[in-house]
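**Student:** Okay, here's the structure, questions in a sec.
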Amino acid sequence: TFGQDDIRCAQAWMAQNQIRTLIRTAAAEGATAMQDGTLLTAAGYAVEVADVTGAGDTFGGTLVHGLEQGWTLQDTLAFAVAAASRSVTQHGPRSGRTTPQNVKNWIQKNQNRLSA
């Protein structure tokens, strides 16, 4: 909702509306979050995209999973970026659900593909 502006531009709006956390995805560039005035970033992965179907749902579902597990927002953000990055390398819903361990394995195999 804030376009390409730096996410920090939303701080006044967040304070005005009592919003503690704002998260924005940026495809291959990863994601950023602003939480209580602290900027968090998670690098994206340079991957060959097969299909973007479900990438946003994967990101959102993974965020819920990580936070429910008690992970920090930083760790959850990085894991959600990886899960969504993994998901676009396969063809949509035909690739099926995955597990947290599959995402962890994928991260280990693809650490050299992290975008700057």
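The values are calculated or read from the model by the stated rules, or taken from the named source; none is laboratory data. Here the structure is a predicted model, which is why all the values come from computation and not from measurement. When we count neighbours, we look across all protein chains shown, and the Cβ atoms used for this are built from the backbone with ideal geometry, even at glycine. Quick note on the areas: whole protein, heavy atoms, side chains included, nothing else; ligands and nucleic acids left out. Shrake-Rupley method; radii C 1.70, N 1.55, O 1.52, S 1.80 Å.
**Student:** Relative contact order for the chain: what percent, with Cα pairs under 8 Å and sequence separation of 6 or more?
**Tutor:** Numbers: 158 pairs, mean separation 29.4, N = 116.
Over the chain, the number comes to 25 percent.
**Student:** Explain nothing, just the number: relative contact order of the range 24-71, from Cα pairs under 8 Å at least 6 residues apart, as a whole percent. It would help to have the intermediate numbers written out before the result.
**Tutor:** On the way: 31 pairs, mean separation 11.2, N = 48.
Normalised by residue count, the contact order of the range 24-71 is 23 percent.
**Student:** Report the one residue of Met34, Leu63, Thr76 whose Cα lies farthest in the direction of the positive end of the charge dipole of the range 23-77 (charges on C-beta: Lys and Arg +1, Asp and Glu -1; origin at the Cα centre).
**Tutor:** Value computed over the given set: Met34.
**Student:** Would you kindly find the accessible area of His65, with a 1.4 Å probe and non-protein molecules such as ligands, DNA and RNA excluded, rounding to the nearest 10 Å²?
**Tutor:** 60 Å²
**Student:** Follow-up question, since we're still on this one. Can you pull the percent of the range 7-115's accessible area that's carbon plus sulfur, 1.4 Å probe, other chains left in place? The partial results should precede the final answer.
**Tutor:** Details: 3240 of 6540 Å².
Here it works out to 50 percent.
**Student:** From the residues Trp106, Val52, Ile7, which one has its Cα farthest along the dipole of the chain in the positive direction, the dipole being from +1 and -1 charges on Cβ of Lys/Arg and Asp/Glu about the Cα centre?
**Tutor:** Farthest towards the positive pole: Trp106.
**Student:** Could you put Val81, Val47 in order of accessible surface area, largest first, with the 1.4 Å probe and the full protein assembly present? Numbers along the way, then the final one.
**Tutor:** On the way: Val81 5, Val47 30 Å².
Most to least solvent-accessible, the answer reads Val47, Val81.
**Student:** May I ask for the longest run of the chain untouched by trypsin sites (Lys or Arg not before Pro) that are loop-located per DSSP and have at most 10 neighbouring C-beta atoms (other than their own) within 10 Å? Write down the numbers at each step before the final one.
**Tutor:** On the way: sites that count: Arg20, Arg97.
Value returned for the longest uninterrupted segment is 21-96.
**Student:** Right, next: Taking mean projected area of the Cα convex hull in nm² as the quantity of interest, determine which of (i) 9.6; (ii) 7.4; (iii) 10.3 was computed from the displayed structure.
**Tutor:** Only one listed value fits the structure, namely (ii).
**Student:** Can you list the HN-Hα couplings for the range 59-68, worked out from phi with the Karplus curve (6.51, -1.76, 1.60; θ = phi - 60°), rounded to whole Hz and with x for Gly and Pro?
**Tutor:** 4, x, x, 5, 4, 4, 4, x, 5, 5
**Student:** Relative to the first principal axis of the alpha-carbon coordinates of the chain, what is the inclination of helix 100-110, with its axis defined by its Cα atoms, in degrees from 0 to 90 and to the nearest 10?
**Tutor:** With rounding to tens, the tilt is 80 degrees.
**Student:** Placing unit charges on C-beta atoms (Lys and Arg positive, Asp and Glu negative, everything else neutral), compute the dipole magnitude of the chain about its Cα centre in debye, rounded to 20.
**Tutor:** On the way: 9 positive and 9 negative charges, 61 e Å.
Its charge dipole is roughly 300 debye.
**Student:** Here's a follow-up. Report the accessible area of Leu40, computed with a 1.4 Å probe over the heavy atoms of all protein chains in place, in Å² rounded to the nearest 10.
**Tutor:** Taking all protein chains as shown, Leu40 has close to 30 Å².
**Student:** Express the accessible area of the chain per residue in Å², computed with a 1.4 Å probe while the remaining protein chains stay in the model.
**Tutor:** Heavy-atom SASA per residue in the chain reads 63 Å².
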